[in-house]
Amino acid sequence: MKFALISDIHANLEALNAVLKHIENEGVDRIVCLGDVVGYNATPNECINILIEREIPTILGNHDAVACELEEPWGFNAVALPAILWTREKLTDENREWLQRLPDTLNFGYFACVHGAPKNHNAYIFGWDDVVPHLYFLEEQNVNICFFGHTHIPTIIKEENEIIPEDGYELEIHDDKIYFINPGSVGQPRDGNSKASFGIYDTEKNTFKLIRVEYNIDNTAKQVLDAKLHPFLAERLYAGR
């Protein structure tokens with residue numbers, strides 16, 4: 001079975017559509033979203049609608065939680081704050097309620113999914129030291145793989161090593177090893193690569209592959225500026241930062 005792992009769409013419809021089009025050619029059986037469907041960019045309802053229509057299982061991200069008013073934007077910076085408040089105003093009632101119902105964790109038998117860190121979607125995982133406090137989570141979930149997002153940086157953490165995978169990198173997964181894997185961000189990459197990022201986990205081959213996809217950044221940037229969101233949100237898309 002093939003799973004596509006997408007994360008941190010952040011209301012970037014152009015990037016989401018490009019990734020989904022690519023996924024269609026990969027023979028994927030199921031798509032899973034690791035959260036932060038909204039925030040930063042200007043098409044939150046359109047992105048949510050696609051996930052609803054396709055019945056894509058989705059985790060609650062920190063931006064999602066604030067956008068649907070489950071939480072307040074404590075700690076949001078001067079760029080993220082006005083964008084998430086704008087998103088609150090733009091969400092339809094149906095989409096706000098959909099976000100409010102999203103779970104913090106999903107388990108697919110082969111792996112578990114969270115947004116930031118297990119049981120805390122606001123926490124960041126960058127390396128092994130960040131993983132150690134959460135090793136118990138894998139025992140609770142009875143899996144050896146946890147997919148997560150939030151950092152916007154594709155990362156593979158295993159046996160005290162961290163890998164920042166390039167496009168096309170394929171990892172062979174061993175059942176006796178522990179893995180925390182971030183497929184990167186669809187809508188706002190921050191690893192210096194402007195291409196949308198996602199991953200595919202193949203349960204038969206027991207492999208994870210990272211894939212990058214080009215999309216129309218100009219259109220997304222124009223939507224951000226037309227919505228009068230902070231210009232930096234448009235500029236950063238070109239730099240992948």
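The values are calculated or read from the model by the stated rules, or taken from the named source; none is laboratory data. All values derive from a computational prediction rather than experimental measurement. Ideal geometry is used to build each Cβ from the backbone, glycine not excepted, and the neighbour counts take in all protein chains shown. The protein model used for the area step is the full one, side chains on, heavy atoms only, and it has no ligands, DNA or RNA in it. Shrake-Rupley method; radii C 1.70, N 1.55, O 1.52, S 1.80 Å.
Cβ-Cβ contacts under 6 Å between residues 6 or more apart (or on different chains), taken from a first residue in the range 25-42 that is closer than 17 Å to residue 205 by Cβ and part of a loop (DSSP other than H, G, I, E, B) to a second residue that is open to solvent by less than 20 Å² (accessible area, probe 1.4 Å) and of a type in the set (Gly, Ala, Ser), are listed as 28/4.
Taking every residue in the range 91-117 that is among the β-branched types (Val, Ile, Thr) and pairing it with any residue that is part of a loop (DSSP other than H, G, I, E, B) and open to solvent by 20 Å² or more (accessible area, probe 1.4 Å), at least 6 positions away or on another chain, the pairs with Cβ-Cβ distances below 8 Å are 105/119; 114/104; 114/105; 114/121. Scanning the range 93-129 for residues that are in a helix (DSSP H, G or I) and open to solvent by 50 Å² or more (accessible area, probe 1.4 Å) gives 93, 94, 97, 100, 129.
In the set (1) hydroxyl-bearing (Ser, Thr, Tyr); (2) over 20 Å from residue 200 (Cα atoms); (3) buried (at least 19 other Cβ atoms within 10 Å of the Cβ), residue 58 fails one condition alone, (2).
The set of residues from the range 53-76 being out of contact with any Asp or Glu (no Cβ under 8 Å at 6 or more places or on another chain) and over 17 Å from residue 105 (Cα atoms) comprises 53, 54, 67, 69, 71, 72, 73, 74, 75, 76. Restricting the first member to the range 176-192 and to residues that are at positive phi, and the second to residues that are part of a loop (DSSP other than H, G, I, E, B), the beta-carbon pairs closer than 8 Å and six or more apart or on different chains are 184/7; 184/8; 184/152; 184/153; 184/154; 184/191; 192/240; 192/241.
Residue-wise test of (1) small (Gly, Ala, Ser); (2) out of contact with any strand residue (DSSP E or B) (no Cβ under 9 Å at 6 or more places or on another chain).
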residue: 190; (1), (2): no, yes
residue: 199; (1), (2): yes, no
residue: 207; (1), (2): no, no
residue: 217; (1), (2): no, yes
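Yes/no matrix, rows are residues, columns are (1) open to solvent by 10 Å² or more (accessible area, probe 1.4 Å); (2) under 23 Å from residue 17 (Cα atoms); (3) assigned to a strand (DSSP E or B):
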{"residue": "151", "(1), (2), (3)": "no, yes, no"}
{"residue": "156", "(1), (2), (3)": "no, no, yes"}
{"residue": "180", "(1), (2), (3)": "no, no, yes"}
{"residue": "198", "(1), (2), (3)": "no, yes, yes"}
{"residue": "208", "(1), (2), (3)": "no, yes, yes"}
{"residue": "220", "(1), (2), (3)": "no, yes, no"}
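Being free of Cβ contacts under 8 Å to residues at least 24 places away in the same chain, surrounded by 15 or more Cβ atoms within 10 Å (Cβ to Cβ) and not hydrophobic (A, V, I, L, M, F, W, C): is that true of residue 228 here? Spell out the reasoning first.
Values: free of Cβ contacts under 8 Å to residues at least 24 places away in the same chain: yes; surrounded by 15 or more Cβ atoms within 10 Å (Cβ to Cβ): no; not hydrophobic (A, V, I, L, M, F, W, C): yes.
Here the answer is no, as residue 228 does not meet what is asked.
Among the candidates 167, 175, the residue that is under 19 Å from residue 3 (Cα atoms), assigned to a loop (DSSP other than H, G, I, E, B) and over 20 Å from the mean Cα position of the chain (by Cα) is uniquely 175.
The single condition among (1) among the β-branched types (Val, Ile, Thr); (2) in contact (Cβ under 8 Å) with a residue 24 or more places away in the chain; (3) open to solvent by 40 Å² or more (accessible area, probe 1.4 Å) that residue 132 does not meet is (2).
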